[in-house]
Structure formats: structure tokens, C-alpha cells
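Written out below as C-alpha cells is the structure these notes cover.
The values are calculated or read from the model by the stated rules, or taken from the named source; none is laboratory data. Predicted, not measured: the structure shown is a model, and the values here were computed from it. No Cβ is skipped: glycine too gets one built from the backbone with ideal geometry, and neighbour counts run over all protein chains shown.
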Ligand code: 4NP
């Protein structure tokens, strides 16, 4: 069995990537998949902060607690520590490609690349909007996380 480890990445690591991390953790645990899971931001804007309260509330609404998570910034070692690095949007993806060291082993993709009818699409940034945006983020990260978990399950059982 391949050792799988997945890092979800957005800009601030307080909205989208902690929600993707939480959704993916729940889905893979329910599937019985053993995967190391983390999230990080490309920026240092919120390093050490807990998730945005609107992200905490939407996750709690669906039965998942994320208030213990703390934001961190992506670092060069992540590209060799994780088998998969999953960007939430195309700006994060391009930043990760720039940060990626030459000897990087991680596979880089966008979350919605794993959803057949959403290839190339970004998870919209909900930070400057209202609570409805966070509902949409939760739905989208769950769709992506479910698709990614299914793909990795195939590779784990192949
Ligand atoms: P995230 O959302 O990248 O999904 O965590 C944002 C969080 C903070 C900022 C922008 C987006 N900000 O500009 O501080």
C-alpha cells in the first residue's frame, strides 16, 4: 500500500483549506483510509490564528469541530513531506508551482480537478462575503474531498 499524505492549501489557511482538511478527514475516516492530512496557506497573513469564525460555524453545523486548528504557511519541505498537495484556487496553484523545489515529490493539483465536471475550476474565496458563501464553500470542498478520497481509495486498493 502506498503511503498517502495530503496537504490542502489556500491563501490564508483560515477558510477554505481548514474546511477541506476537515471534510477530507471525515470522509477518509468513514472509508477506513489511513492518510496523513494537514492544511496550510501560501500567505503568512494569519499564521497561528484559528479558522475564521464563519468557517468554524459552518463546520459545526455539519457536526465537525475545527476550532483547534491553527494556520501555518506552506514551506519548502512540504513538497517532499506530502504525496499530494491540493490547491483551492488557480492563484494558490500558481504560487505553489513557483515555490516548488526542483526535487519535489508531491503531486500538485487543484481540488476541483478531481470532480469530472469541474476540472480547472477554483473553490471561490469566501473571506470577503457573508455566511452563504461559507455554505457554498462547504458544499464545494466536500464535493472535491469526496472525489479525491475515491481516487486515492482506488490507488490504495490497487
Ligand atoms: P482562505 O481565505 O484563503 O480561504 O483562508 C482568506 C483568508 C484571509 C484572506 C483572504 C482569503 N486575507 O486577505 O486575509
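Specify the residue that is farthest from the chain's Cα centre (by Cα); the eligible residues are those in the stretch 32-45 that are touching a residue at least 40 places away in the same chain (Cβ under 8 Å) and more than 15 Å from the ligand (Cβ to nearest atom).
Only one residue fits best here, namely 33.
Please specify each residue of the stretch 7-21 satisfying the condition of being under 23 Å from residue 130 (Cα atoms) and either out of contact with any strand residue (DSSP E or B) (no Cβ under 9 Å at 6 or more places or on another chain) or away from the ligand (no atom under 13 Å from the Cβ) (or both).
Across the stretch 7-21, the qualifying residue is only 15.
Given the criterion at pLDDT 95 or above and either in contact with a strand residue (DSSP E or B) (Cβ under 7 Å, 6 or more places away or on another chain) or within 16 Å of the ligand (Cβ to nearest atom) (or both), identify the matching residue among 71, 29, 76.
Matching residue, one of 71, 29, 76: 71.
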